[in-house]
Amino acid sequence: MTTTIAGRTRKVRRGYGRVALAFLAPAIVVLVLVRLVPAASALYGSLTRSSLLTGQTRFVGWENYAELLGNPDFRGAVGVTVLFTLIINPLQVAIAFALAVLFTRRLAGVRWWRSLVILPIAVPPAVSAVVWNVIYRPDDGLANAVLSVLGLPPQPFLTSPDQALAAVIVLLSWVGVGYWMLFLIAGINDVPGELYEAAALDGAGPWRKFFHITLPMCRRPLAFVLVADTVSNLLVFAPVQMLTGGGPEGATNLLMYDIYTRAYTLGDLGRAQAEVVVLVLLTVVIVAAQFRMLRGDSEGA
Amino acid sequence: MSPRRTRLPLTVLAAAVGILFAIPLLWVLTNSLRPGAETFGSISPLSWETFLTLTPNVDNYAALAGTSLGRGILNSIIVSVATVAVGLVICAMAAFALAALPFRGRSAVFSVIVLSFLIPFDAIAIPLADVFRTWNLQNTFTGLVLPGLGNGMAVFLLRQFFLAVPEDLAEAARLDGLGWWGIFSRIYAPLARPAMIGAALMLFLFQWQAYVWPLLIGTDSEHILGPVALANMQGQFNVDYGLMFAGAVVLIAVPLLIILTLQRYFIQSVTTSGLK
């Protein structure tokens, strides 16, 4: 390489930087406006408190966070969110994976049945909440009509502190399972067919094939789906706000709804902002893990 | 066990699961085609008439015009289309810079942009709504559209496709006197057509499905979006269920038809962004 060429490359490279900035500028403006400004505002707001009487804002340091930790509503919301997270994510991923295995087998009309499971992913969250609210009506809803045909007693569903969270989980899984199944079907289709042929020659049955080939070969898509599902379920809001109002007795008071009521019903903005900061930090940690998986896959390919 | 013996029960299981997932949708569709007064009468006792009707009519759909729900659906279309039109250009430009233009710190910039956009928007929607209120963006279409314009997954997907475009192509075009904008809009964007369609779908679905943000920022009668209007309706004392189900069907059918038409691109975008 001669010096002239090296010199030219360097010059061109500087020029690229400016061009790149021009192309990135609109995205950076949007990024600052709708991601960084609100994050900074939440962080700042979480360290201050406004007086309703005087309208003055003063700096209170960690006070909002400390009070949040002692707040029974917040503690209840954390408990419900943890319980919800621990149930819904493994449940959805397990069902999605089982269905992905079922729907990748050569069965009569399998494409048709598979698309029926995928159809609900088009349903917006607010719409699924409205639909299931009518299904769950205790006196004249569809769910209890089905139960009575099966000879089972009517259930209170959303109106019972014992059943409301489970009812919300079913409602969300109606949409969620088909969506996550798409990722897992793609993962299963990527498993080399020779592996199954070799296993069949060794006389392996369907269970052994599943546990020794399908499951280990799908570890990455499974991990990705679990992480992405966890993030989306941390942000569940529409069915709680529309159907249960966090109740009965706080049984469905998930974090997003707790923040919403704290900010708008109670007007306690400082502590609501502190709670936003906690939620954002939680999702950032999980999203960073998701991003590493994305990059790991793309660079490794 | 021989495969032949397991096949029939598995087929039955597959069919049963498919029908189970589809039944609520069928029920919603049927109820949108009969008067609201018959919604609950048809449920009990349960019969085939719960899920089907022999006398369908589209009165409920006609009645949507002029209601808040009808207005909301129209607004949802406006907001989603505007988001796709502007957002696709913004995301593709960023992806182009991150794929085709080598500059110092590029991979760091890529990480920051995609990671920040991957932070779920709903988590910071409440503080952002406060900020937008002080900027007088509440109850404006600008306020509704803005948060949907940047999409980390769309940037990620487009960059993956742009990376696969041979650099010689851009080099040759530059020698022919084509500017960077020309290289982007005439070479890269058309070559990445599947990714552009996939990214457009992501931007569209994000806006169409949104509930938290439009609830916080656009609830007056002129800017209300479909999902918020539907939620308001079910909270009222006297609900016209026929009308409500008709609105629900439209809100489901629009994304469903788009997904079905662009199925190939949708699956591709879902799986590339997730796995490859």
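The values are calculated or read from the model by the stated rules, or taken from the named source; none is laboratory data. On a predicted model such as this, the values are computed, not experimentally measured, just so you know. For neighbour counting, all protein chains shown are included, and Cβ atoms are generated from backbone atoms with ideal geometry for every residue, glycine included.
With respect to A:L107, is the statement that it is without any contact (Cβ under 8 Å) to a residue 12 or more places away in the chain, within 7 Å of chain B (Cβ to nearest Cβ), crowded, with 16+ Cβ neighbours inside 10 Å and outside any helix (DSSP H, G or I) true?
Judged against the criteria, A:L107 is a match.
Would you please name the residue that is surrounded by the fewest Cβ atoms within 10 Å (Cβ to Cβ), looking only at residues in the range B:37-56 that are within 11 Å of another protein chain (Cβ to nearest Cβ) and not polar (S, T, N, Q)?
The selected residue is B:P45.
Taking the residues in the range A:171-209 that are within 27 Å of the chain's Cα centre (by Cα) and more than 30 Å from A:V130 (Cβ to Cβ) as candidates, determine which candidate is modelled with the highest pLDDT. Reasoning before the result, please.
Initial filter on the range A:171-209 (within 27 Å of the chain's Cα centre (by Cα)): A:171-191.
Now narrow it down to the ones that are more than 30 Å from A:V130 (Cβ to Cβ): A:186-191.
Numbers: A:A186: 87, A:G187: 87, A:I188: 90, A:N189: 87, A:D190: 85, A:V191: 87.
In this case the residue turns out to be A:I188.
A quick yes/no check of all residues on (1) in a helix (DSSP H, G or I); (2) within 14 Å of the chain's Cα centre (by Cα):
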{"site": "B:E171", "(1), (2)": "yes, no"}
{"site": "B:G182", "(1), (2)": "yes, no"}
{"site": "B:Y188", "(1), (2)": "yes, no"}
{"site": "B:A195", "(1), (2)": "yes, no"}
{"site": "B:Q207", "(1), (2)": "yes, yes"}
{"site": "B:T219", "(1), (2)": "no, no"}
{"site": "B:E222", "(1), (2)": "no, no"}
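Go over the candidates A:V236, A:V231 one by one and state the one that is touching a residue at least 24 places away in the same chain (Cβ under 8 Å), within 12 Å of chain B (Cβ to nearest Cβ) and outside any helix (DSSP H, G or I). If you could, list the steps in order and put the result at the bottom.
On the way: A:V231 fails: outside any helix (DSSP H, G or I).
On inspection, the qualifying residue turns out to be A:V236.
Go through (1) over 20 Å from the mean Cα position of the chain (by Cα); (2) modelled with pLDDT under 90; (3) within 14 Å of another protein chain (Cβ to nearest Cβ) and name the single condition A:R35 misses.
For A:R35, the exception is condition (1).
So is A:W112 among the aromatic types (F, W, Y), within 12 Å of chain B (Cβ to nearest Cβ), farther than 22 Å from B:A15 by Cβ and in a helix (DSSP H, G or I) or not?
No.
In the set B:F21, B:F96, which member is closer than 25 Å to A:G151 by Cβ, within 11 Å of chain A (Cβ to nearest Cβ) and either part of a helix (DSSP H, G or I) or modelled with pLDDT of 90 or more (or both)?
Being closer than 25 Å to A:G151 by Cβ, within 11 Å of chain A (Cβ to nearest Cβ) and either part of a helix (DSSP H, G or I) or modelled with pLDDT of 90 or more (or both) holds for just one of B:F21, B:F96, which is B:F21.
Tell me which residues, restricted to the range B:99-108, are more than 7 Å from every other protein chain (Cβ to nearest Cβ) and without any contact (Cβ under 8 Å) to a residue 60 or more places away in the chain.
B:G105, B:R106, B:S107, B:A108
So in the range B:43-65, with the set limited to residues that are small (G, A, S) and at pLDDT below 80, which one is nearest to B:Q234 (Cα to Cα)?
Checked the range B:43-65; the qualifying residue nearest to B:Q234 (Cα to Cα) is B:S44.
Considering each residue of the range B:172-216, count those that are free of Cβ contacts under 8 Å to residues at least 60 places away in the same chain and within 30 Å of A:V240 (Cα to Cα), and give that number.
4
Taking the residues in the range B:133-152 that are of a type in the set (A, V, I, L, M, F, W, C) and facing chain A (nearest Cβ under 9 Å) as candidates, determine which candidate is nearest to B:M202 (Cα to Cα).
For the range B:133-152, the residue satisfying everything is B:L149.
Which residue pairs have Cβ atoms under 9 Å apart, sit 6 or more places apart or on different chains, and have a first residue in the range A:189-209 that is over 16 Å from A:F103 (Cβ atoms) and a second that is part of a loop (DSSP other than H, G, I, E, B) and modelled with pLDDT under 85?
Every condition considered, the pairs that remain are A:Y196/A:A204; A:A198/A:A204; A:G205/B:M1.
Output the residues belonging to the range A:138-162 that are assigned to a loop (DSSP other than H, G, I, E, B) and facing chain B (nearest Cβ under 8 Å).
A:D140, A:G141
Can you pull out every residue in the range B:116-132 that is within 16 Å of B:V155 (Cα to Cα) and part of a helix (DSSP H, G or I)?
First, pick out the residues of the range B:116-132 that are within 16 Å of B:V155 (Cα to Cα): B:116-121.
Once the filter is applied, which keeps residues that are within 16 Å of B:V155 (Cα to Cα) and part of a helix (DSSP H, G or I), the range B:116-132 yields B:S116, B:F117, B:L118, B:F121.
Only one of A:L33, A:L24 is buried (at least 18 other Cβ atoms within 10 Å of the Cβ), closer than 18 Å to B:D130 by Cβ and of a type in the set (A, V, I, L, M, F, W, C); which?
On the way: A:L24 fails: closer than 18 Å to B:D130 by Cβ.
The match here is A:L33.
With the structure loaded, tell me whether B:A129 is surrounded by 17 or more Cβ atoms within 10 Å (Cβ to Cβ), within 22 Å of A:L282 (Cβ to Cβ) and either basic (K, R) or more than 8 Å from every other protein chain (Cβ to nearest Cβ) (or both) or whether it fails that test. Before you say what the answer is, go through the steps one by one.
Details: surrounded by 17 or more Cβ atoms within 10 Å (Cβ to Cβ): yes; within 22 Å of A:L282 (Cβ to Cβ): yes; either basic (K, R) or more than 8 Å from every other protein chain (Cβ to nearest Cβ) (or both): yes.
Yes: the conditions hold for B:A129.
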